[in-house]
Structure formats: structure tokens, C-alpha cells
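One structure below.
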Amino acid sequence: MKIPLRDAGAISIGIELVVSVVIGLVAGAWLDRRFGTGPWLTLVGIMVGSAAGFRSLIQYGKRAQARAEKEDREQADAAANAPPKSIDPSKDPLSDDPPRED
């Protein structure tokens, strides 16, 4: 099963968010054991890890929005530069006239 690149980015940002919180938790717990500060450095580590994870999430969102706006501009440019479609009056579904036999 092949995962589209757009979905892979969303999966990786979710993993990055979880990993950054876990790293903050582990680092804070280690510092608490080392300095005997109780749960305080663990809580600070969780907050710092969460902030880092959400920062990555926001950056990913900005990149995705910029990519979507670029795609929209490209589609609008392509539509503006496309030649107009000619309409055959004999095949017009809104016409009240019956189709002509040529």
C-alpha cells in the first residue's frame, strides 16, 4: 500500500508531536531525579515538548496552506489561459429547439 505524499506529511507531523512531548517528559523526569525537584521539571519538560510539537504543527499548516494557494493560483491561471469551449447549439441541453438533422 502506497501512501500519498500529502498524507505522509500529516502522519509524520502527528508522530513528531507525540515524540516531542515524550522527549520533554523523559528529559524532565531525568532532571527531576538528578536534582530532586519533584514533578516540576517533568511538567516543564512536558510543556516545552508540547510547545515544540505545536510549533511544528503550525509550520506544517502554513506550508500546506501555501501549497494549496499555489495550486489554486496555477489552476486559475490555467483556466484563464484555456481557449473557450465552443458550444454546439444542436447539443445544448437547455435549448427548447429540437435537435437538427444535418
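The listed peptides 7-13, 73-79, 25-31, ordered by packing as a protection proxy, come out as 25-31, 7-13, 73-79 (highest mean of other Cβ atoms within 10 Å first). Need one word for region 5-73: rounded, prolate or oblate. Basis is the Cα gyration tensor (sqrt eigenvalues a ≥ b ≥ c); a/c below 1.5 gives rounded, then a/b vs b/c decides. It is prolate, given that a/c is not under 1.5 and a/b is the larger ratio.
Taken together, the values in this text are just the output of simple stated rules run on the coordinates, not laboratory data. It should be emphasised that the depicted structure is a prediction, and the values quoted were computed from it without experimental measurement. Cβ coordinates were reconstructed from backbone atoms using ideal geometry, including for glycine residues, and neighbour counts include every protein chain displayed.
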